[in-house]
């Protein structure tokens with residue numbers, strides 16, 4: 001995936017694992033209505049970094065969860081992510097034509113089908129979680145579905161997109177920018193970490209807090225790197241249009257901090273992620289590897 | 001609501017009840033991000049026939065459920081319905097400007113915010129159900145969330161909308177038309193009935209089957225009446241654009257059967273709904289009243 005950073009065999013194996021689970025969770029494109037199922041599979045399968053799924057598997061490992069139990073959570077977060085990309089790329093939103101190295105869903109399948117594909121992928125994410133076996137009982141508020149819904153809705157990802165829209169062309173403070181990104185990308189990344197951990201043994205409060213700090217750090221790092229890559233990357237390396245933020249007058253970490261300071265911020269966040277995991281020992285190995293990869297990635 | 005048909009006090013009381021529950025479930029429009037929460041509230045509150053909520057309360061009564069338990073289900077189906085209307089009205093879908101007697105969401109709040117409002121309403125529907133107390137334990141597959149997700153996704157409502165899109169301008173057999181409507185409107189109406197009943201005592205297989213037949217009959221009746229009203233109604237009486245199906249070359253029960261036969265079909269379906277409830281006695285009173293209202297409604 002990224003020649004500059006060692007991509008551990010574990011990650012590659014888990015990325016393949018979630019790919020298979022996604023292919024099984026999605027209705028076949030021969031099933032009625034075929035155009036809808038084809039659009040759904042087009043946007044989910046065969047590409048994507050699967051960062052959210054990997055985070056779910058990694059925090060599942062930390063909590064001693066069976067990967068087969070984590071599969072449902074991994075699939076659900078990838079489906080929510082895929083739905084958000086389809087809708088984000090629509091003409092009334094970012095109006096983008098390139099995603100994950102191929103034409104966006106509405107370019108390939110038409111705008112109406114892309115809208116419905118995003119809608120149905122969101123639904124499928126929740127449906128998949130209703131089939132998830134949990135290793136221990138939870139109260140309703142702690143249910144995986146509640147975690148995913150809170151992270152995805154108007155107080156999470158969708159809310160972040162609304163803030164992003166509202167802020168185009170506006171001067172933004174660093175605090176406001178961080179709040180927007182904490183919702184837009186941070187909430188779902190956080191949910192991935194929490195959902196994976198929820199598949200294993202119950203963590204004590206200190207451990208849950210440490211994992212929350214880890215999730216906040218990698219979630220933010222992911223977004224700062226995105227902003228850096230939007231300036232430094234090419235469409236070929238990114239698989240999506242480069243330089244879009246500047247073109248659209250969107251405030252970013254790079255416009256607010258400058259390129260050098262933005263890169264320093266990534267290094268700080270990577271350190272924070274590692275520090276938060278200190279109490280966990282060897283079980284946190286995969287989470288540490290992912291923090292490194294998120295900070296050092298080139299696409 | 002409809003001067004031609006007695007609208008029982010019970011229905012009015014329940015419609016007010018779900019209105020209050022919806023107002024509490026939706027984030028305040030003063031809460032960040034305000035434009036998103038305003039768009040969500042705009043499209044959900046203050047209008048709508050609440051047929052799906054009423055069906056949930058009525059089947060809840062049949063199963064002896066407490067209305068306070070049914071509230072969650074009633075809110076969830078109304079949120080899914082509202083999200084589907086917002087997205088259905090978007091320019092890339094039906095491109096409509098009038099809904100429930102006021103400008104559609106994208107006309108009032110812009111296309112991007114309407115898209116996000118629909119997205120976030122779907123999420124909220126599932127979130128609300130995670131807070132629903134159930135009167136008896138269910139296996140995961142019978143969970144309220146699974147029922148709602150199956151009815152809403154690509155094998156339910158969203159799938160029906162995709163079929164509808166695919167069929168514009170096409171000659172359709174009656175069977176194909178019924179299959180499309182069974183998904184597009186029937187699935188969610190069916191879910192409303194099942195969700196309400198799931199809040200009460202467990203029904204035996206024969207009772208569950210009878211309730212399924214009732215739901216199928218009123219779901220189809222609702223759609224045939226819609227097609228009749230699209231021909232006979234006015235924008236003022238309907239609160240939405242009249243004559244749209246003909247304008248868009250959409251196959252309807254009226255174009256396939258003729259107006260007279262379509263009306264006969266409604267009467268047959270109303271009889272079917274009543275017949276299916278014969279074994280239930282007085283507990284089915286509200287479901288019967290709703291079948292009458294659905295068949296005789298003028299808006």
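Each reported figure results from applying straightforward, stated rules to the coordinates on display, with no laboratory input. Note that the structure is predicted; figures quoted are calculated from it, not measured. Cβ: placed from backbone, ideal geometry, glycine included. Neighbour counts: every protein chain shown.
Quick rundown of the values:
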{"item": "Inter-site label distance for residue A:282 and residue A:204 at 7 Å from Cα along Cβ, in nm", "result": "2.1 nm"}
{"item": "Packing rank of B:243-252, A:249-258, where each peptide gets the mean count of other beta carbons within 10 Å, highest leading", "result": "A:249-258, B:243-252"}
{"item": "Label geometry 7 Å along the beta-carbon vector: residue A:275 inter-copy distances in nm", "result": "7.4"}
{"item": "Distances in nm from residue B:260 to the matching label points in the other copies, shortest first (labels 7 Å along Cα to Cβ)", "result": "8.7"}
{"item": "Gyration tensor verdict on region A:27-96 (Cα atoms; rounded if a/c is under 1.5, prolate if a/b is larger than b/c, oblate otherwise)", "result": "oblate"}
{"item": "Within 10 Å of each Cβ in A:81-90, the average number of Cβ atoms from other chains", "result": "2"}
{"item": "Using distinct alpha-carbon pairs, which all enter the 1/r mean, Kirkwood radius of region B:246-291 in Å", "result": "12.4 Å"}
{"item": "Alpha carbon convex hull of region B:1-128, volume per residue in cubic angstrom", "result": "109 Å³"}
{"item": "Averaged over B:107-118, number of beta-carbon atoms from partner chains that fall within 10 Å", "result": "5"}
{"item": "Three-way shape label, the protein assembly as shown, alpha-carbon gyration tensor, a/c 1.5", "result": "prolate"}
{"item": "Relative contact order computed over chain B (Cα-Cα under 8 Å; 6+ residues apart), in percent", "result": "23 percent"}
{"item": "log10 of Debye I(q)/I(0), alpha-carbon scatterers only, for region A:132-276 at 0.22 Å⁻¹", "result": "-1.37"}
{"item": "Minimum Cβ-to-axis distance in chain A for the rotation onto chain B, with residue, whole Å", "result": "A:126, 2"}
{"item": "Separation of alpha-carbon centers, region A:85-118 and region B:259-298, rounded to whole Å", "result": "42 Å"}
{"item": "Cα shape, region B:9-296, gyration tensor, a/c 1.5 rule", "result": "oblate"}
{"item": "Length released on extending from residue B:261 to residue B:9, taking residue separation times 0.36 nm less the Cα-Cα span", "result": "87.5 nm"}
{"item": "Cβ crowding within 10 Å averaged over residues, with A:154-165, B:35-46 ranked highest first", "result": "A:154-165, B:35-46"}
{"item": "Gain in span if fully extended, residue B:247 to residue B:292, counting 0.36 nm per residue against the direct Cα distance", "result": "13.2 nm"}
{"item": "For residue A:206, label point 7 Å along C-beta direction: distances to other copies, nm", "result": "6.2"}
